[in-house]
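Below is one structure; the comments refer to it alone.
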């Protein structure tokens with residue numbers, strides 16, 4: 001709600017924007033008044049603030065979230081390294097960051113994700129730390145999970161950098177770091 005705080009000067013209306021507390025109480029609500037946005041769940045290389053900034057410079061981190069009953073896997077890709085993807089699997093959780101991406105930057109994000117071999121199409125709602133569920137644009141590998149592959153070091157480094165930067169749970173960060181040190185993958 002936009003309110004006038006005092007009598008406007010002659011010829012100049014005074015505009016008072018919602019307070020910072022009002023804007024932060026509903027993530028993205030204030031920004032949606034200005035620009036249409038799409039919520040995007042990043043768990044792979046675009047979790048890295050530099051990578052998402054290259055593709056969607058006006059994307060804004062909103063909150064951390066997870067997909068319950070979901071496992072992070074690395075599947076066959078055109079290269080020799082495994083491509084990060086998601087698989088429904090009881091007892092697992094995948095953490096990531098949720099970003100507001102301006103709608104005019106979504107096509108570039110889609111092109112970038114598809115360029116790495118992932119397509120939009122994960123129909124599970126992301127759950128934030130308060131237990132709220134959110135529909136998010138999420139990408140999964142366009143390949144069948146026929147056994148786990150070695151994670152690509154560049155993907156893994158970007159995932160770890162982003163997980164640390166956005167303060168994902170310490171156990172999740174340690175698990176990602178362990179993937180790079182796992183003798184089965186070395």
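Bear in mind that the values in this text are calculations on the coordinates, not laboratory data. What you are looking at is a predicted structure, and each value in this text was computed from that prediction instead of being measured. Because the Cβ atoms are built from the backbone with ideal geometry, glycine has one as well, and the counts that use them run over all protein chains shown.
For the stretch 112-125, taking the residues that are under 24 Å from residue 50 (Cβ atoms) and without any contact (Cβ under 8 Å) to a residue 40 or more places away in the chain, the one that is surrounded by the fewest Cβ atoms within 10 Å (Cβ to Cβ) is identified as 115. Screening the stretch 126-143 for residues that are surrounded by fewer than 13 Cβ atoms within 10 Å (Cβ to Cβ) and either without any contact (Cβ under 8 Å) to a residue 60 or more places away in the chain or not in a loop (DSSP other than H, G, I, E, B) (or both) and picking the one that is nearest to the chain's Cα centre (by Cα) gives 133. Do we have any residue at all in the stretch 69-80 that's under 26 Å from residue 35 (Cβ atoms) and either within 15 Å of the chain's Cα centre (by Cα) or assigned to a strand (DSSP E or B) (or both)? No, there is no match, as no residue in the stretch 69-80 is under 26 Å from residue 35 (Cβ atoms) and either within 15 Å of the chain's Cα centre (by Cα) or assigned to a strand (DSSP E or B) (or both). One residue stands out in the stretch 144-167 among those that are crowded, with 19+ Cβ neighbours inside 10 Å and out of contact with any helix residue (DSSP H, G or I) (no Cβ under 8 Å at 6 or more places or on another chain): the one that is farthest from residue 49 (Cα to Cα), namely 149.
Residues that are within 13 Å of the chain's Cα centre (by Cα) and under 20 Å from residue 123 (Cβ atoms) were ranked within the stretch 55-68; the one that is surrounded by the fewest Cβ atoms within 10 Å (Cβ to Cβ) is 66. Against the test of being part of a loop (DSSP other than H, G, I, E, B) and either out of contact with any strand residue (DSSP E or B) (no Cβ under 7 Å at 6 or more places or on another chain) or more than 18 Å from residue 179 (Cβ to Cβ) (or both), the options 104, 50, 123 yield a single qualifying residue, 123.
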